[in-house]
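These notes concern the structure reproduced below.
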Amino acid sequence: MKKTALITGASGGIGLEITRLFAKDGINLLLLARNEDKLLNIKQEIEQQYPVIVNYLPTDLSNPDSIKTIENYVEQNDLQIEYLVNNAGFGDFGRFTKRDLQKCREMIALNITTLMELSYIYARKMEERGSGRILNVSSIAALQPVPLMAVYGATKVFVLSFSEAIRNELKKTGVTITTLLPGPTATNFFNKAEANNVPMFQYMMTPQKVALSAYKAMMKGKKRVIPGFLNKSLAFVVKVLPGDFVLNMAVRLMGK
Ligand SMILES: NC(=O)c1ccc[n+]([C@@H]2O[C@H](COP(=O)([O-])OP(=O)(O)OC[C@H]3O[C@@H](n4cnc5c(N)ncnc54)[C@H](OP(=O)(O)O)[C@@H]3O)[C@@H](O)[C@H]2O)c1
């Protein structure tokens, strides 16, 4: 069996940078995202640069059928998922009552359901083997309610709570779960979320820096990683200040 890292949302942003770090360490890859052309280009670029095998599977991970497709692909190609990176996700900016309900459903399917199901399938196999590492991508948005990104923030609360709970359950099994909480990061996320002029999102980290912090933390089996001094400071402030004060601060940072 070929030890492989399965990465969702590998066609761009943070997921692509994490992909490059695995390749640099000589770890074979299974890349998932919708855009087939991008995945093919990434496969060619990486295989030219590093001695690794890059598998890819174009699939819409907000569709529940994608889970079976992934399981079948992994089985048919005799892959052993030693690393799982649940990174694919998107946000949506604006008043909850003015947003599109179908988009909210898809966000929950992708950010929560698919992440939970892939964790279920591969954490079970990792536990049987006694080894494996999972990186689940939450956000600093999980640390307080986020007016104007209400559904998105709530999906990331799920990721954080769920990941830290199963991490505890899997203690001493050889399987680790690390949760990544990035702050604003310069990727395509803001175009998709229609959130380009929000005050909170004017100071951004590069996806390369975020990916490196995340990758190192996952490889060490750490519980939680918040990349960047500013984001760490914000997380601290949110923890020590009263909830209503934090909520008002969030409203100001998100703009009107
Ligand atoms: N950027 C930030 O400021 C920030 C901050 C905190 C947390 N995060 C989290 O970080 C993660 C990565 O986001 P990013 O910033 O790198 O955004 P991004 O540049 O928009 O990348 C998102 C990735 O997810 C894939 N994806 C989106 N919808 C998909 C679907 N339905 N099925 C399969 N793949 C899908 C995209 O590929 P295709 O379009 O090809 O499908 C792409 O590869 C997300 O979970 C996000 O919530 C981002």
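The values are calculated or read from the model by the stated rules, or taken from the named source; none is laboratory data. Remember, it's a predicted structure, so these values are computed and weren't measured experimentally. Cβ sites come from the backbone with ideal geometry, for glycine too, and all protein chains shown count toward neighbours.
Some notes on this structure:
- The single residue among ALA142, ALA154, ALA211, ALA195 that is more than 17 Å from VAL251 (Cα to Cα), within 14 Å of the ligand (Cβ to nearest atom) and hydrophobic (A, V, I, L, M, F, W, C) turns out to be ALA211.
- Top-ranked residue of region 170-192 - restricted to ones that are hydroxyl-bearing (Ser, Thr, Tyr) and within 8 Å of the ligand (Cβ to nearest atom), ranked as farthest from MET249 (Cα to Cα): THR187
- Options TYR73, TYR50, TYR56: the member that is out of contact with any helix residue (DSSP H, G or I) (no Cβ under 9 Å at 6 or more places or on another chain) and among the hydroxyl-bearing types (Ser, Thr, Tyr): TYR73
A quick yes/no check of all residues on (1) aliphatic (A, V, I, L, M); (2) out of contact with any helix residue (DSSP H, G or I) (no Cβ under 6 Å at 6 or more places or on another chain); (3) over 25 Å from LYS38 (Cα atoms); (4) part of a loop (DSSP other than H, G, I, E, B):
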residue	(1), (2), (3), (4)
LEU135	yes, no, no, no
ALA142	yes, no, yes, no
THR187	no, no, no, yes
LYS192	no, yes, no, no
MET200	yes, no, yes, no
LYS209	no, yes, no, no
MET218	yes, yes, yes, no
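- Region 28-47 - residue that is buried (at least 18 other Cβ atoms within 10 Å of the Cβ) and over 19 Å from ASP60 (Cα atoms) and, of those, nearest to the ligand (Cβ to nearest atom): ILE46
- Scan of region 77-107 for residues that are more than 11 Å from the ligand (Cβ to nearest atom), under 14 Å from VAL137 (Cα atoms) and of a type in the set (A, V, I, L, M), ordered by number: LEU84
- The listed residue being crowded, with 21+ Cβ neighbours inside 10 Å and in contact with a strand residue (DSSP E or B) (Cβ under 8 Å, 6 or more places away or on another chain), out of VAL85, VAL52: VAL85
- Checking MET219 against (1) within 29 Å of ILE166 (Cα to Cα); (2) buried (at least 18 other Cβ atoms within 10 Å of the Cβ); (3) not acidic (Asp, Glu), the condition it does not meet: (2)
- Those strands (runs of 3 or more DSSP E) of region 26-125 in which 3 or more residues are modelled with pLDDT under 95 and over 17 Å from the mean Cα position of the chain (by Cα) are absent.
- For region 162-185, residues that are touching a residue at least 12 places away in the same chain (Cβ under 8 Å) and assigned to a helix (DSSP H, G or I) total 5.
- Only residues that are of a type outside the set (D, E, K, R) and either at pLDDT below 85 or part of a helix (DSSP H, G or I) (or both) were counted in region 220-241, giving 10.
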